[in-house]
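Data block below; observations after.
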Amino acid sequence: SLDRLKVGLPAISPAFGAFLAEAAAVCLHHSQHPATVRWEILGDHPAETQLLWTGELSEQVLNSWRDLQEATEYGATGMALLLVLAMTDMTVVKRSVKGTGFDYWLGKKETDEEDNFQECVRLEISGILSGDNSTIKKRVLDKLRQTQRSDHLGLPALVIVTEFRTLLSHFEVK
């Protein structure tokens with residue numbers, strides 16, 4: 001459920017989580033998905049699940065997100081964080097800084113903060129409002145290349161690209 005983001009995560013405040021959930025809901029609304037929608041995950045962890053979201057958005061919310069490119073960017077972030085929580089033993093522990101080639105640091109869910117940073121994973125996220133398989137594959141490859149900037153750290157990287165029209169996410173481990 002997108003509502004999972006609204007309670008926050010170690011590096012995501014409840015307000016920012018609600019912001020990400022709202023952006024994803026706008027993308028789902030734009031793509032005319034029902035309140036319970038099939039979500040396909042491709043790549044290194046193929047799966048299929050159901051995503052729950054409100055299904056109804058006010059004009060105020062829609063007017064807040066008229067820039068669909070921005071909604072897609074933040075919505076894809078919310079979707080990627082949900083996947084990380086559901087498909088790994090990781091959670092988001094810190095936002096990365098620009099220029100590193102990735103968006104967030106991930107750490108183990110069930111450890112203290114000091115241990116989180118001993119076993120970090122890099123997370124790079126991207127979103128596509130509407131695209132075909134070749135567009136999605138190209139974006140995954142672009143994002144994998146982008147993470148090369150921080151390969152010297154010797155840490156694994158996850159790349160998650162979400163496409164909203166068909167609601168699929170490609171989950172790649174590097």
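The values are calculated or read from the model by the stated rules, or taken from the named source; none is laboratory data. Remember, predicted model here, so these are calculated numbers, not experimental data. As a convention, Cβ positions derive from the backbone with ideal geometry for all residues, glycine included, and neighbour counts pool all protein chains shown. Note: areas computed on protein heavy atoms with side chains; ligands, DNA, RNA excluded. Shrake-Rupley method; radii C 1.70, N 1.55, O 1.52, S 1.80 Å.
Could you please let me know if residue 65 is over 14 Å from the mean Cα position of the chain (by Cα) and of a type in the set (Phe, Trp, Tyr)? Give the steps one after another, and end with the answer.
Working: over 14 Å from the mean Cα position of the chain (by Cα): yes; of a type in the set (Phe, Trp, Tyr): yes.
Answer is yes for this residue.
Yes/no matrix, rows are residues, columns are (1) closer than 19 Å to residue 127 by Cα; (2) out of contact with any Lys or Arg (no Cβ under 6 Å at 6 or more places or on another chain):
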| residue | (1), (2) |
| --- | --- |
| 4 | no, yes |
| 7 | no, yes |
| 13 | no, yes |
| 16 | yes, yes |
| 23 | yes, yes |
| 31 | yes, no |
| 38 | yes, yes |
| 51 | yes, yes |
| 54 | no, yes |
* Going through the range 9-26 one residue at a time, which ones are of a type outside the set (Phe, Trp, Tyr), open to solvent by 10 Å² or more (accessible area, probe 1.4 Å) and either touching a Pro at 6+ places or on another chain (Cβ under 8 Å) or assigned to a helix (DSSP H, G or I) (or both)? -> 14, 15, 18, 22
